[in-house]
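In what follows, a structure is listed as structure tokens, so that the remarks can point back to it.
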Amino acid sequence: MADILFLEPFYGGSHKYFADGLIRHSKHSIRLLTLPGRFWKWRMESAGLAFAQLISSQEIKKPDLILTTNLMDLTQFKGLTGWHDLPHILYVHENQLDYPLSPGEKRDFHYVWKDYLNFLTADRLIFNSNYNLESFLSKFKDFTSRLPDSKPADPSELFRTKTQIIPPGCHLVESSPQSAPDRTSSPAPVILWNQRWEHDKNPEAFFVFLTDLQNRKIPFKLILLGESYKDSPKCFADARETFKEELLHYGYAESRVEYETWLQKSDFVISTAMQENFGISVVEAMSSGAIPLLPNRLAYPEVLPSEFHSRCLYSENDDITEKFRRLLELNSSARQRLSRDIRTAIAVYAWPVIAEAFDSLIISESV
């Protein structure tokens, strides 16, 4: 059993979910050091120093292996600790070349450079999806064209060689066939949103879709879950009034039990995201039995098995409302079978399965 020091510079959201899940399910001994999940740019600048100082001041024992995530300066940390003989594994949740910008925001390429140096410094890279890796590599040449001189060589071969794709484990919703709700008995399908209330999830397009359903007199009910913020898009507040007749729930679920209860009341989970490197919330919804309707881009075609693409993925040219109507036209047994088959297929994302993949990699790196 390896002794792992896990450094999480942004202990919030999906980063916290991942760290807590891995510690709970791994067979290795994992010690966790964290910094609060805020000020991500400052974390990328300062977390390496902050962790090095914590290790020194608390006289933290040298581990067999360092595991950390991408919102820190790994080169800084490695230089300050002097632990050059230890394997350093970097788990990449997101990359700064692919993150969509808010209106009026300009990309800060300084943090793209930090990503690049982190990827070079790590002994092993783990990306949560192949899409995440390839989106960085495909945009890197354009990035280097902005540099004045001493431009780095194409890192594609090196980064692919040192990368393993391991998705984050998911806490799948467990229910027996006997206890599973009958999702086909209600005349109004229940539509779920359970993603973050942020710009990159493109909620405006989601509410345009719902408005189209209203205009076409297609009845539905609505569950709005997910974490909100002070600067969450205004469309969420507007939706509370626009869809007041359809709303069953509005806002963050305060407990896991409440969250799963709402998932199990949902017939469909819809995404209109502009950025998604895996999609934990969508996988959780699918595990509860909700049928997905997702963009045929980002990580979704990779996460959802190919046999479900024709029914459950929509392209930029598709009418999402018409695609949704075709799902509604499935008879009761066909919808139940589709829901059941998807649940079976995504069992590969359950934490016990994913933790085993991590444990095997850790053993190979710490020998």
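The values are calculated or read from the model by the stated rules, or taken from the named source; none is laboratory data. The model shown is predicted, which means the values in this text are computed figures rather than measured ones. So basically every Cβ, Gly included, is an ideal-geometry build from the backbone, and we count neighbours across all protein chains shown.
In the condition set (1) among the small types (Gly, Ala, Ser); (2) in contact with a Pro (Cβ under 6 Å, 6 or more places away or on another chain); (3) assigned by TED's automatic domain parsing to the domain that holds residue 27, residue 357 is compliant with all but (2). Does residue 266 satisfy being over 29 Å from residue 126 (Cα atoms), among the small types (Gly, Ala, Ser), touching a residue at least 24 places away in the same chain (Cβ under 8 Å) and surrounded by 21 or more Cβ atoms within 10 Å (Cβ to Cβ)? The answer is yes for residue 266.
Of all residues in segment 247-281, those satisfying the criterion of being assigned to a loop (DSSP other than H, G, I, E, B), within 22 Å of residue 312 (Cβ to Cβ) and touching a helix residue (DSSP H, G or I) at 6+ places or on another chain (Cβ under 9 Å) are 266, 267, 271, 272, 273, 274, 275, 276, 277, 278, 279. Within segment 288-340, the set of residues being out of contact with any helix residue (DSSP H, G or I) (no Cβ under 6 Å at 6 or more places or on another chain) and small (Gly, Ala, Ser) comprises 290, 306, 310, 315, 332, 333, 334, 339.
Taking the criterion of being of a type outside the set (Asp, Glu), within 15 Å of residue 169 (Cα to Cα) and in contact with a His (Cβ under 6 Å, 6 or more places away or on another chain), would at least one residue in segment 335-351 satisfy it? Yes - at least one qualifying residue is present in segment 335-351. Residues in segment 146-163 that are in contact with a strand residue (DSSP E or B) (Cβ under 8 Å, 6 or more places away or on another chain) and either in a loop (DSSP other than H, G, I, E, B) or not assigned by TED's automatic domain parsing to the domain that holds residue 80 (or both): 162 alone.
Determine if segment 345-353 includes at least one residue that is under 14 Å from residue 270 (Cβ atoms), modelled with pLDDT of 95 or more and buried (at least 18 other Cβ atoms within 10 Å of the Cβ). No, segment 345-353 contains no residue that is under 14 Å from residue 270 (Cβ atoms), modelled with pLDDT of 95 or more and buried (at least 18 other Cβ atoms within 10 Å of the Cβ). The residues of segment 131-146 that are exposed (fewer than 15 other Cβ atoms within 10 Å of the Cβ) and touching a Phe, Trp or Tyr at 6+ places or on another chain (Cβ under 8 Å) amount to a single one, 146. Out of curiosity, is residue 247 in contact (Cβ under 8 Å) with a residue 60 or more places away in the chain, surrounded by 15 or more Cβ atoms within 10 Å (Cβ to Cβ) and over 24 Å from the mean Cα position of the chain (by Cα)? For residue 247, the condition - in contact (Cβ under 8 Å) with a residue 60 or more places away in the chain, surrounded by 15 or more Cβ atoms within 10 Å (Cβ to Cβ) and over 24 Å from the mean Cα position of the chain (by Cα) - is not met.
Is it the case, given these coordinates, that residue 223 is surrounded by 12 or more Cβ atoms within 10 Å (Cβ to Cβ) and part of a strand (DSSP E or B)? Answer is yes for this residue. A single entry from 288, 255, 315 fulfils the requirement of being in contact (Cβ under 8 Å) with a residue 40 or more places away in the chain and of a type in the set (S, T, N, Q): 288.
Within segment 76-88, can one find any residue that is under 21 Å from residue 127 (Cα atoms), assigned by TED's automatic domain parsing to the domain that holds residue 131 and in contact (Cβ under 8 Å) with a residue 60 or more places away in the chain? For segment 76-88, residues under 21 Å from residue 127 (Cα atoms), assigned by TED's automatic domain parsing to the domain that holds residue 131 and in contact (Cβ under 8 Å) with a residue 60 or more places away in the chain: present. Would you check if there is a residue in segment 271-281 being modelled with pLDDT under 95, β-branched (Val, Ile, Thr) and within 21 Å of residue 14 (Cβ to Cβ)? So far as segment 271-281 goes, no, none of its residues is modelled with pLDDT under 95, β-branched (Val, Ile, Thr) and within 21 Å of residue 14 (Cβ to Cβ). Picking from residues in segment 160-200 that are among the charged types (D, E, K, R) and modelled with pLDDT of 95 or more, the one that is nearest to residue 21 (Cα to Cα) is 162. Only residues that are surrounded by fewer than 20 Cβ atoms within 10 Å (Cβ to Cβ) and over 21 Å from the mean Cα position of the chain (by Cα) were counted across segment 31-49, and they come to 6.
Look at (1) closer than 15 Å to residue 168 by Cα; (2) touching a residue at least 60 places away in the same chain (Cβ under 8 Å); (3) out of contact with any Gly (no Cβ under 6 Å at 6 or more places or on another chain) and you find that residue 20 fails only one, number (2). As for segment 275-284, it holds at least one residue that is under 16 Å from the mean Cα position of the chain (by Cα) and either acidic (Asp, Glu) or not assigned by TED's automatic domain parsing to the domain that holds residue 207 (or both). It is to be established whether one or more residues within segment 114-131 are free of Cβ contacts under 8 Å to residues at least 24 places away in the same chain and farther than 19 Å from residue 10 by Cα. No: zero hits.
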